[in-house]
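Please treat every number below as a calculation from the coordinates, not as lab data. Note that the structure is predicted; figures quoted are calculated from it, not measured. Virtual Cβ from ideal backbone geometry, glycine too; neighbours counted across all protein chains shown.
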Amino acid sequence: MSVLIDKFVLLLFILPLLSRESGTMPVIAFLTAFTASCFLSLKNEEKLSFAVSGFYGVLCLFLPVFSIFLPLFCYNCTRTRQKFSGAILIVASVPFFMDRPFFLRIDLMLSLLLSLFLAVRTQKLEKMREEFKKLRDDSMELNLLLNKKNQYLMEKQETEVHLATLKERNRIAREIHDNIGHMLSRSILQLGALKALNHDSSLSAPLSELHKTLNTAMDSIRTSVHGLQESSVSLRDSVAEIIHGYPEYTVDLEYDISEPPPQNLQFCFAAIIKEAFTNASKHSDAARIRLVLREHPSFYQLLFEDDGSTAPKSYSSGMGLLNMKERIESFHGTINITFERGFKIFITVPRNTASYQPGGKS
């Protein structure tokens, strides 16, 4: 837009020069200058632009009326930094100065100087616009990176809080089991001994009720402890701990489970992954392992594969693999164990809640 405005201003300065000309030659000169100016605007065609400038300079030498539109050429030459072409065109304007009135010569000189000024000014404005766009894009990119970093930090903080909560639950469960649980067990044993030694029939019923109450309390504490221990288990943490125990492998972990699976399924997956790593360390020559845990709308998926080049017979008949199959079948899932370019275990387990009772019916 700025270039069009600059050229419109230059044409206003050129009009007084055209007013002194007559006939069709000014129109031909204008069309020729306009076409040549378009060629001169091609930044990637320097040789063609130089040839056009030379051709137009020759026309100016023999037909001075063509010199009227030299400000347009000087404008384009300055913008494209073709200073040599611009110098040729300015020299070609000399015949126009020879037999023209003084004010027309002044007008042409001012037009040439104005074209240089407008070209430099517009070039600086375009450069400033480009720098502004680059600065704006960099700012947007930095904002996106900052938002992403903040999101990562928030997720990390939530993970740390979650891990701290799990550890605290585990500690409480341990304290209850080691202290209150043992004290209740001892009380039940002491009450059993007291009942055996008791010969007073009037105390038999109260002692039996007390024994029943203590057993109920013991069952409640046992249920609470088991619940705390199960809720303190995280499949992702268990997998990370297993991977940490095998530093000799490069493990590519893909964990895409947003909501934790049922606890017994988490224990099942952790046991299978542990057994798979054990088999790989004993029988495979693999150096890299890919482990995928992913949830789908209707099932959970587990994939374990290595890049080993040997297929031991134990892969198809080992006790560990039989245990894997039994575990998955108890959840009504499917398991596929193959060796093709490495040992591979592919498992799917339906998400139906009834299926998570091992051995139960869905």
- [ ] Quick one: P(r) of segment 230-309 from all Cα-Cα pairs, 10 Å bins, percents rounded to integers, in order of increasing distance.
- [x] 17, 53, 25, 5
Open item on the list: List residues of segment 62-77, by number, whose backbone nitrogen lies under 17 Å from a label position 7 Å along Cα→C-beta of residue 113.
Closed with: 71-72, 74-75
Task: Per-pair calculated FRET efficiency, R0 = 41 Å: residue 254 and residue 138 via Cβ, rounded to 0.05 - done: 0.80
Task: Stretchable slack from residue 149 to residue 179, in nm (0.36 nm times residue separation minus alpha-carbon distance) - done: 6.4 nm
TODO: Would you mind getting me the FRET efficiency between residue 198 and residue 170? Use the beta-carbon distance for r and R0 = 51 Å, nearest 0.05.
DONE: 0.80
Task: Convex hull volume of segment 172-303 per residue (C-alpha atoms, cubic angstrom) - done: 155 Å³
Task: Point-to-point label distance, residue 264-residue 186, nm (Cα→Cβ direction, 7 Å offset) - done: 3.5 nm
- [ ] Could you list the residues of segment 176-192 with an amide nitrogen less than 13 Å from a label point located 7 Å from the Cα of residue 217 in the Cα-to-C-beta direction?
- [x] 180-191
TODO: Apply 1/(1 + (r/R0)^6) to the Cβ-Cβ distance of residue 338 and residue 210, taking R0 = 51 Å, and write down the FRET efficiency to the nearest 0.05.
DONE: 0.25
